[in-house]
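Accompanying notes for the structure given below.
The values are calculated or read from the model by the stated rules, or taken from the named source; none is laboratory data. In this text, all values refer to a predicted model and were calculated from it rather than measured experimentally. In this analysis, Cβ positions are derived from the backbone assuming ideal geometry, glycine residues included, and neighbour counts consider all displayed protein chains.
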Amino acid sequence: MTQLSSLYARAGRGGPAVRSAVRVVAHRGASHEHPEHTLAAYRQAIADGADALECDVRLSRDGQLVCVHDRSVGRTSDGRGVVSAMTYDELAALDFGGWKGSGHGGARVLRFEELLELALGAPYPVGLAVETKHPSRAGGRLEAELVRVLKAYGLADGASGRVEVMSFSRNALVRLNRLAPGLPAVYLIERALRPPRPPFAGHAGPGIDLVRRDPGLVRRLKAKGLRVRVWTVDEPEDVELCLRLGVETIITNRPREVREYIDAR
């Protein structure tokens, strides 16, 4: 057991294991244990009981939706280059797992459709929280392709409750709402709420650093009628802070430990 796992185990003792209404979203999969945005990370997140899987999407040069956080591939692969300047085949030739250490090598770039099919085939209803990454040379083509794929799977109208879209970019959320007004929208917040939140975005997503500095932000957001999710929450004391503040959704790299902590509490 790791030191942090031990902290979770000690903090979570004493209560009945009744599943909480707080949603746990796996940030890029179970990315503490596995390389982010890989099938292994997402399969682990499902095994861990995550309520939803968070992913970042970008467009390759030939228009493929791929799950990569950074603008370039240098941090999470054995290659170099900008995602939007590379074809899918060029991205697929890289190792997106070896950077995590021994035993993780050989993972290839994940297409969004693969992740979607994994979620739809899960043994229980698993949601997807999809963030479109900007700035990008793809511009609005990114949102258009995402909605096209969701429509092909019958998920763009929001009726299934399986998909929600997120962005730090107000313009991206406006485009998504124009193309698929039924999808729940999350306005991610890193610093201040500028530019103003789009009126159709019913969810606000501040980072944990911001919540630590200003816990009253959650109360103010909820007073506006917003549902609040906080990213990226890995430490037991931060989980406890979020629960105390009434946060509805926690995004974490450690879905199993956070889920167990919340349910035990």
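Candidates in region 83-97 are the residues that are free of Cβ contacts under 8 Å to residues at least 40 places away in the same chain and surrounded by 15 or more Cβ atoms within 10 Å (Cβ to Cβ); of these, the one that is nearest to the chain's Cα centre (by Cα) is Val83. What are the pairs, 6+ residues apart or on separate chains, where a residue within region 114-139 that is under 13 Å from Phe168 (Cβ atoms) has its Cβ under 8 Å from a residue that is among the acidic types (Asp, Glu) and assigned to a helix (DSSP H, G or I)? Qualifying pairs under 8 Å: Thr132/Glu143. Here Arg80 meets the list (1) farther than 21 Å from His32 by Cβ; (2) touching a Ser or Thr at 6+ places or on another chain (Cβ under 9 Å); (3) in a helix (DSSP H, G or I) almost entirely, failing just condition (3). Annotation: Ala107 fulfils all but one of (1) assigned to a helix (DSSP H, G or I); (2) surrounded by 18 or more Cβ atoms within 10 Å (Cβ to Cβ); (3) in contact with a helix residue (DSSP H, G or I) (Cβ under 8 Å, 6 or more places away or on another chain); (4) among the hydrophobic types (A, V, I, L, M, F, W, C); the unmet one is (1). Mind counting the residues in region 169-184 that are out of contact with any His (no Cβ under 7 Å at 6 or more places or on another chain) and not in a helix (DSSP H, G or I)? Final tally of qualifying residues: 4.
Of all residues in region 225-245, those that are under 21 Å from Arg197 (Cα atoms) have Cβ atoms under 7 Å from Cβ atoms of residues that are of a type in the set (Asp, Glu), 6 or more apart or on another chain, in Arg227/Glu248; Val228/Glu248; Arg229/Glu248. Could you please find all residues in region 39-77 being in a loop (DSSP other than H, G, I, E, B), more than 13 Å from the chain's Cα centre (by Cα) and of a type outside the set (D, E, K, R)? Gly49, Ser60, Gly63, Gln64, Val73, Gly74, Thr76, Ser77 - these are the residues of region 39-77 that are in a loop (DSSP other than H, G, I, E, B), more than 13 Å from the chain's Cα centre (by Cα) and of a type outside the set (D, E, K, R). So, in region 218-257, of the ones that are under 19 Å from the mean Cα position of the chain (by Cα) and basic (Lys, Arg), which residue ends up nearest to His32 (Cα to Cα)? In this case the residue turns out to be Arg254. If the condition is being more than 17 Å from Thr38 (Cα to Cα), under 19 Å from the mean Cα position of the chain (by Cα), at pLDDT 95 or above and assigned to a loop (DSSP other than H, G, I, E, B), then region 117-157 contributes Tyr124, Pro125, Lys133, Leu155, Ala156. When Leu65, Leu94 are checked against the criterion of being touching an Asp or Glu at 6+ places or on another chain (Cβ under 8 Å), hydrophobic (A, V, I, L, M, F, W, C) and more than 25 Å from Ala129 (Cα to Cα), Leu94 stands alone in meeting it.
Leu193 fulfils the conditions (1) modelled with pLDDT of 95 or more; (2) farther than 16 Å from Leu243 by Cα except for a single criterion, (1). Across region 68-112, the number of residues qualifying as among the acidic types (Asp, Glu) and under 20 Å from Arg137 (Cα atoms) comes to 3.
Of the candidates Pro198, Pro206, the single residue that is touching a residue at least 24 places away in the same chain (Cβ under 8 Å), over 21 Å from His34 (Cβ atoms), of a type outside the set (Val, Ile, Thr) and part of a strand (DSSP E or B) is Pro206.
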